[in-house]
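No lab work stands behind these numbers, since they all come straight from the coordinates. Nothing here was measured: the structure is a model prediction, and the numbers come from that model. Note that each Cβ is placed from the backbone with ideal geometry, even for glycine, and that neighbours are counted across all protein chains shown.
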Ligand SMILES: [Zn+2]
């Protein structure tokens with residue numbers, strides 16, 4: 001979800017829409033940003049935060065309450081903060097020692113990072129003005145209720161926090177900062193002053209020694225010709241360990257995820273691959289690739305699995321038809337402790353037409369299983385009901401691939417999030433299957449595809465027929481999901497953990 | 001010589017008391033609806049209470065009457081929702097002690113009735129309209145009849161000094177006070193900081209209520225002691241009772257459950273993984289603020305009572321009645337009934353924990369083992385329906401460690417593991433105890449799970465053959 005790095009390359013094409021809407025919207029209007037979220041540490045849920053308006057303090061400010069619970073939903077503490085009534089909570093994380101919260105002020109166009117210790121006592125706050133219009137538009141887009149395209153504040157276990165932003169004095173080059181546990185800045189690094197005026201950084205991994213970032217670079221905002229790099233920096237001083245293009249000798253990669261193997265001191269970059277002259281955001285991929293690089297950024301080995309030669313022949317007879325009729329959007333990759341890699345995707349098909357409205361039809365969940373030596377082993381198909389999403393009028397997007405990216409940013413896919421157990425032996429893929437054209441009140445199922453300790457898949461389905469106005473499903477501690485229901489009439493939010501069956 | 005005899009006697013008596021619970025247990029019957037006679041008495045009392053209200057302001061009078069209605073309805077609901085025990089043992093025992101107090105205080109009109117209350121909390125309540133509730137939690141901690149008597153004297157004091165009525169009047173007067181109305185208007189007029197100002201207004205009133213409440217506790221203790229001294233109960237009980245109340249937060253059963261002993265079966269061995277216990281270490285803020293004591297510290301009450309006892313007459317008093325058969329039996333029965341009540345109100349998680357604790361003390365009690373089997377099945381059923389959270393708490397390091405460990409254990413179990421435990425537990429106990437009604441039902445329940453190797457139909461036939469009028473019959477469909 002937040003980690004889906006590929007969404008950012010869309011910012012160009014969503015650009016006009018986003019800016020236009022921001023301008024026409026009164027800032028104090030009904031903003032739909034979720035004000036509850038999971039607090040993650042090393043991918044494990046350690047608690048939840050809720051940020052809400054208690055009352056108007058004066059004409060300009062609200063008295064907000066920031067409340068934090070542990071992973072069992074028991075309130076740990078809450079603090080009152082008085083801030084402008086145009087404040088929104090954008091991101092939150094906990095690194096084992098400290099909390100970091102990132103706020104966006106829609107009216108003043110500023111960002112604020114507030115640091116708290118583990119008892120929620122304020123340690124420091126950092127304010128940033130957002131003169132950069134691209135930076136502003138990005139936050140404004142989220143303020144309208146869209147999925148954030150990336151995480152902005154990332155916990156580095158016990159060390160501090162990484163902040164991913166946009167450099168003020170640039171067109172749109174990245175700014176990467178590291179803050180210690182007391183929210184004091186340790187170092188900053190920027191995208192280089194080169195022909196790539198649009199260079200975006202997103203978190204790739206965090207370790208005790210190194211932090212990795214994925215860099216997406218383009219020469220102009222509307223360019224769909226993008227290059228992706230992997231940047232690895234020392235956590236202590238921000239010095240670059242290496243920066244390499246995400247490509248193999250023959251191919252370039254897209255939607256890649258980076259796994260750091262501490263024991264071997266190697267990185268595995270895994271994702272879909274394309275010919276070097278292909279457009280990665282318009283064309284369908286050639287297949288999957290795993291590239292292993294050493295600490296100098298040198299390629300140690302690479303392995304491809306192509307659709308035509310390796311993957312298609314594994315499609316079971318009963319699934320042949322759907323595989324031929326649909327494309328697959330991959331949401332995430334996960335590597336289990338035994339070295340296997342799993343690619344999680346959903347089948348989709350383009351529908352409708354520019355006149356009546358573009359649609360996307362979403363079908364089954366698929367999981368591709370790769371061996372520890374990166375060769376494809378098995379394709380798993382988990383059937384679920386078809387779901388259709390109609391785009392707002394005026395959307396004209398030529399390629400199905402592109403359409404799937406935009407659809408993803410508009411929450412049109414069922415996939416919600418993936419959670420890996422702390423020992424990395426098991427993982428759970430959660431999706432919500434409901435008829436988007438009829439809304440949440442219609443048939444509504446939370447599906448969990450679980451890779452069990454027995455190394456097989458199990459499916460658990462939890463009907464979500466509730467009386468609430470709206471509900472959300474959040475990650476929870478291992479083996480659970482958190483269901484949050486909002487009852488508009490009573491102005492009440494009910495949060496509870498549901499244990500999965502497998 | 002006398003001392004020796006007494007010790008021997010105590011031991012013998014204790015043995016008799018234990019024997020009642022050693023092999024089996026028959027739970028107290030459940031009262032579905034309030035007995036008509038009790039309802040009539042409550043209604044008559046309500047009418048009389050309302051007739052007495054005479055506030056200068058009509059608004060205030062009406063509001064107080066409304067509060068009396070609510071209070072009466074609350075008590076009636078307590079009966080209808082099965083919280084009040086109208087059994088033949090616990091409530092009559094409490095009532096007999098209350099009668100002793102009345103007999104020793106002939107000036108007091110006999111307007112109250114006492115009942116055992118199906119709550120694990122350590123508490124007693126005088127609702128104010130004549131009903132006194134004595135929780136099973138408190139009863140299970142009472143060592144002597146004299147302690148029960150002192151608690152009742154305290155609740156009687158609340159009743160006869162009209163503490164509940166006075167509080168109702170205080171609330172009503174505050175709400176309709178012109179000064180309050182003015183303040184609320186002011187808050188409404190200015191949209192800024194409304195929440196904070198309203199909280200402050202309500203908070204300061206709440207504080208004054210609490211302060212009055214605390215004063216009233218001292219007042220009740222003082223009066224209670226006067227009632228108490230008119231009886232022949234011993235002089236140690238009042239202080240000891242307050243000490244027991246003071247340690248109410250400390251669980252009586254604190255050793256860790258031997259989960260492996262309970263859940264290791266030949267056909268289904270215990271799994272090491274189930275014992276993984278990692279208390280939440282996310283953060284530990286506010287621990288002190290959390291344990292804010294809602295009841296006034298008993299220490300100060302003890303000091304006050306001791307001062308008052310200095311002048312008390314020690315002559316003609318009964319000896320301290322530690323370990324009498326009756327009070328011991330009441331205590332044990334209360335412990336069983338707490339577990340029974342937890343199941344009855346659907347709190348299978350806590351109930352199962354209590355039954356497991358009972359099983360460690362009464363290993364030969366077939367009923368306890370049957371209820372463990374039934375509880376496991378219930379947890380399985382709720383988990384299957386994704387509703388486990390409704391009947392089982394989440395672990396919390398603030399609980400007693402043995403309970404927190406137990407909760408972690410149950411939460412660790414996967415659905416089929418829960419089913420297996422329910423199945424193997426019940427069938428193993430059945431081999432041990434043979435035909436026992438509650439156990440047969442537990443077997444029938446678990447025979448319906450995916451892991452079962454028994455035929456539910458056969459078990460049902462056996463149940464009907466042995467218990468043609470059985471109380472589980474209607475549930476076995
Ligand atoms: Zn009292």
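For region A:27-181, rounded, prolate or oblate, judged on the Cα gyration tensor with a ≥ b ≥ c (square roots of eigenvalues), a/c < 1.5 rounded, else prolate if a/b > b/c?
On the way: a/c = 1.65, a/b = 1.13, b/c = 1.46.
Oblate is the answer for region A:27-181, as a/c is 1.5 or above yet b/c matches or exceeds a/b.
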One finds the C-alpha centres of region A:181-247 and region B:415-477 to be spaced, in Å, by 63
With Cα coordinates, the longest principal axis of chain B makes an angle with the long axis of helix B:401-412, in degrees rounded to 10, of 50
Taking a ≥ b ≥ c as the square roots of the eigenvalues of the Cα gyration tensor, with a/c under 1.5 meaning rounded and otherwise prolate when a/b exceeds b/c and oblate if not, chain A is rounded
antiparallel share of DSSP beta bridges within the protein assembly as shown, to nearest 5, in %, is 95
Rounded to the nearest 5, the percent of antiparallel DSSP beta bridges in region A:142-237 equals 95
Shape call for region A:130-281, from the Cα gyration tensor axes a ≥ b ≥ c (a/c under 1.5 means rounded, otherwise prolate when a/b beats b/c, else oblate), comes out oblate
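If each residue of separation counts as 0.36 nm, what is the full-extension length gain between residue B:258 and residue B:458 once their alpha-carbon separation is subtracted? Show your work: numbers first, answer last.
Working: separation 200, 0.36 × 200 = 72.00 nm, distance 3.29 nm.
Result: 68.7 nm gained on full extension.
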For the pair residue A:168 and residue A:300, the simple spin-label estimate (label points 7 Å beyond Cα toward Cβ) gives in nm 4.2
Reduced to Cα centres, the span from region B:366-385 to region B:202-225 in Å works out to 43
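Which order, highest average first, do B:266-275, B:192-201 follow once you tally other Cβ atoms within 10 Å for each residue and take the mean per peptide?
Numbers: B:266-275: 12.2, B:192-201: 15.1.
Top of the packing list down: B:192-201, B:266-275.
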Highest mean packing first, using Cβ neighbours within 10 angstrom, the peptides A:181-190, B:416-425 sort as B:416-425, A:181-190
Each residue of A:450-463 has, on average, a number of other protein chain C-beta atoms within 10 Å of its C-beta equal to 1
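What does the structure give for B:377-383 when I average, per residue, the other chain Cβ atoms found within 10 Å of the residue Cβ? List each step's numbers first, then the result.
On the way: counts 0, 0, 0, 0, 0, 1, 4.
Partner Cβ neighbours, averaged per residue: 1.
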Rounded to one decimal in nm, the spacing of the 7 Å Cα→Cβ label points at residue B:401 and residue B:450 is 3.6
Expected integer from the mean partner chain Cβ neighbour count at 10 Å over B:385-392 is 4
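Using Cβ counts within 10 Å as a stand-in for footprinting exposure, how do A:298, B:384 rank, fewest first? Don't skip to the answer; put the middle values down first.
Numbers: A:298 10, B:384 15.
Going from least to most buried by this count: A:298, B:384.
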The Rg/Rh figure for region B:131-282, Cα atoms and Kirkwood Rh, to two decimals is 1.20
Length gained if residue B:300 through residue B:77 is fully extended, taking 0.36 nm per residue and subtracting the Cα-Cα distance, is 76.8 nm
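How much length would be gained if the chain were fully extended between residue A:53 and residue A:261, taking 0.36 nm per residue of separation minus their Cα-Cα distance, in nm to one decimal? Don't skip to the end; give the middle numbers.
Working: separation 208, 0.36 × 208 = 74.88 nm, distance 4.38 nm.
That pair, residue A:53 and residue A:261, stretches by 70.5 nm at full extension.
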For chain B, the longest principal axis of the Cα atoms and the Cα long axis of helix B:194-229 enclose an angle in degrees, to the nearest 10, of 90
Plugging the Cβ-Cβ distance of residue B:265 and residue A:308 into 1/(1 + (r/R0)^6) at R0 = 45 Å yields, to the nearest 0.05, a FRET efficiency of 0.25
The FRET efficiency for residue B:62 and residue B:214, from their Cβ-Cβ distance with R0 = 25 Å and rounded to 0.05, is 0.30
Two pseudo-spin positions, 7 Å from Cα along C-beta at residue B:41 and at residue B:313, lie apart in nanometres by 3.1
Rounded to 0.05, the calculated FRET efficiency for the beta carbons of residue A:78 and residue B:272 at R₀ = 22 Å is 0.05
As a percent rounded to 5, the proportion of antiparallel DSSP bridges among beta bridges in chain B is 50
For chain B, the longest principal axis of the Cα atoms and the Cα long axis of helix B:298-309 enclose an angle in degrees, to the nearest 10, of 60
A convex hull over the alpha carbons of the protein assembly as shown yields, per residue, a volume in Å³ of 216
